[in-house]
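The values are calculated or read from the model by the stated rules, or taken from the named source; none is laboratory data. Treat the numbers as computed from the prediction; the structure is a model and nothing was measured. Every residue, glycine as well, gets a Cβ built from its backbone with ideal geometry; the counts of neighbours run over all protein chains shown.
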Ligand SMILES: [Fe+2]
């Protein structure tokens, strides 16, 4: 069991204390939910994985206009709140390899939780866009339909397919990942404006 310096409620309040858009807040909650389900699937600590998902963009509201600082600023915010270096590295890892953050350009993700996070936080965009296209409906969304949208690179084009595919490094197939992700987002549909 990994120890966490704050409760989930504290973490949600921390995020709400910052200037968030609804869609950003939805994105944090979706990522959290997917991470929790993945942790259960892998027999890992769902509280910890969920917290990594929930707080992975903790600095986003203050770096959206300065992407070079995204994931960097997060370290200070999380350190001040008592999170340890491993937690901080897990959060920051979703920016590894990204050209927009020069300090992370050559860094590589190296653990299950890190591959899971980058895939989870990226697939949320495809799932949400697909749900919107279906009249905000996720209740009867199927893997087959999501996969079609995933293959169509012009759909939700800013969601990197390559990053989603990193889930395969964990041993999970893309189909399994989509099924779990749909289930996870469905679970919180009422909180994120879907039905
Ligand atoms: Fe994110």
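Say whether the condition of being in a loop (DSSP other than H, G, I, E, B) and either at pLDDT below 95 or touching a strand residue (DSSP E or B) at 6+ places or on another chain (Cβ under 9 Å) (or both) is met by at least one residue in the range 73-82.
no
Considering only the range 130-168, how many residues are closer than 17 Å to residue 29 by Cβ and surrounded by fewer than 16 Cβ atoms within 10 Å (Cβ to Cβ)?
Result for the range 130-168: 2.
Looking at the range 115-135, is at least one residue at pLDDT 95 or above and not in a helix (DSSP H, G or I)?
yes
Condition test on residue 94, is it within 15 Å of the ligand (Cβ to nearest atom), closer than 19 Å to residue 191 by Cβ, part of a helix (DSSP H, G or I) and within 13 Å of the chain's Cα centre (by Cα)?
no
Could we say that residue 29 is under 14 Å from the mean Cα position of the chain (by Cα) and away from the ligand (no atom under 12 Å from the Cβ) here?
no
When both residues are 6+ apart or on different chains and their Cβ atoms are under 6 Å apart, which pairs have a first residue that lies in the range 51-65 and is closer than 19 Å to residue 8 by Cβ, and a second that is at pLDDT below 95 and more than 9 Å from the ligand (Cβ to nearest atom)?
Once the first residue is closer than 19 Å to residue 8 by Cβ and sits in the range 51-65, no partner that is at pLDDT below 95 and more than 9 Å from the ligand (Cβ to nearest atom) comes close enough.
May I ask you to list the residues in the range 76-86 that are more than 16 Å from the ligand (Cβ to nearest atom) and on the phi < 0 side of the Ramachandran plot?
76, 79, 80, 81, 83, 84, 85, 86
Of the residues 88, 37, which is in contact (Cβ under 8 Å) with a residue 40 or more places away in the chain and in a helix (DSSP H, G or I)?
Just a single option satisfies the conditions, and that option is 37.
Show the residue pairs that are 6+ apart or on different chains and have beta-carbon atoms under 6 Å apart, the first residue being within the range 118-132 and farther than 9 Å from residue 163 by Cβ, the second being within 13 Å of the ligand (Cβ to nearest atom) and at pLDDT 95 or above.
Short answer, once both residue conditions are applied: 120/31; 120/34; 120/35; 124/27; 124/30; 124/31; 125/159; 126/159.
Residue by residue through the range 98-114, note down the ones that are within 18 Å of residue 63 (Cα to Cα) and within 16 Å of the ligand (Cβ to nearest atom).
98, 100, 101, 104
Quickly run through the range 37-67 and pick out the residues that are under 14 Å from residue 2 (Cα atoms) and either under 9 Å from the mean Cα position of the chain (by Cα) or away from the ligand (no atom under 16 Å from the Cβ) (or both).
39, 43, 44, 45, 46, 47, 48, 52
Would you be able to tell me the number of residues in the range 1-22 that are closer than 15 Å to residue 53 by Cα, within 14 Å of the ligand (Cβ to nearest atom) and exposed (fewer than 14 other Cβ atoms within 10 Å of the Cβ)?
0
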